[in-house]
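> Have a look at this one before I ask anything.
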Amino acid sequence: MFIEIGLLLIAVPWTPFWERNYFTDSIPLLRLVLTNNFARGAITGLGLVNLYVGLVDLAYLVGGAVRSASEPPFRAPGPDAGGPPRSGEAGGSESTGLPLEE
């Protein structure tokens with residue numbers, strides 16, 4: 001959806017339809033604002049942003065489908081995966097860094 005909206009926002013401000021439609025014909029101030037090249041450029045910029053977001057979204061969907069078919073799903077490490085010892089476990093005290101006395 002982002003890709004289609006982006007392409008429309010890029011192209012439509014530079015077509016005759018942009019200058020001659022119901023809204024610009026009925027509201028003269030709106031015609032002045034919308035036919036300004038700076039406003040057209042800003043709307044085209046929004047179209048570029050939409051197009052970029054759509055392409056990134058498409059790449060994520062396609063890349064995710066390929067990755068999920070070839071790799072096993074990510075698993076979070078369990079409690080035996082290592083890491084610093086917790087307080088009360090063998091390996092040292094968190095407050096002093098010295099070995100625990102037994």
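The values are calculated or read from the model by the stated rules, or taken from the named source; none is laboratory data. In this text the structure is predicted, and so the values were computed from the model without any measurement. Because the Cβ atoms are built from the backbone with ideal geometry, glycine has one as well, and the counts that use them run over all protein chains shown.
> Within the bounds of segment 19-27, is there any residue that is among the β-branched types (Val, Ile, Thr), modelled with pLDDT of 95 or more and either in contact with a Leu (Cβ under 8 Å, 6 or more places away or on another chain) or surrounded by fewer than 15 Cβ atoms within 10 Å (Cβ to Cβ) (or both)?
There is no residue in segment 19-27 that is among the β-branched types (Val, Ile, Thr), modelled with pLDDT of 95 or more and either in contact with a Leu (Cβ under 8 Å, 6 or more places away or on another chain) or surrounded by fewer than 15 Cβ atoms within 10 Å (Cβ to Cβ) (or both).
> Let me ask something additional. What number of residues within segment 23-62 are more than 18 Å from residue 2 (Cα to Cα) and of a type outside the set (Val, Ile, Thr)?
So the answer is 15.
> Here's a follow-up. For a quick check of your reading of the model, give me the residue pairs whose first member lies in segment 39-52 and is surrounded by 15 or more Cβ atoms within 10 Å (Cβ to Cβ), whose second is assigned to a helix (DSSP H, G or I) and small (Gly, Ala, Ser), with beta-carbon atoms closer than 6 Å and at least 6 apart or on different chains.
47/6; 50/6; 51/6
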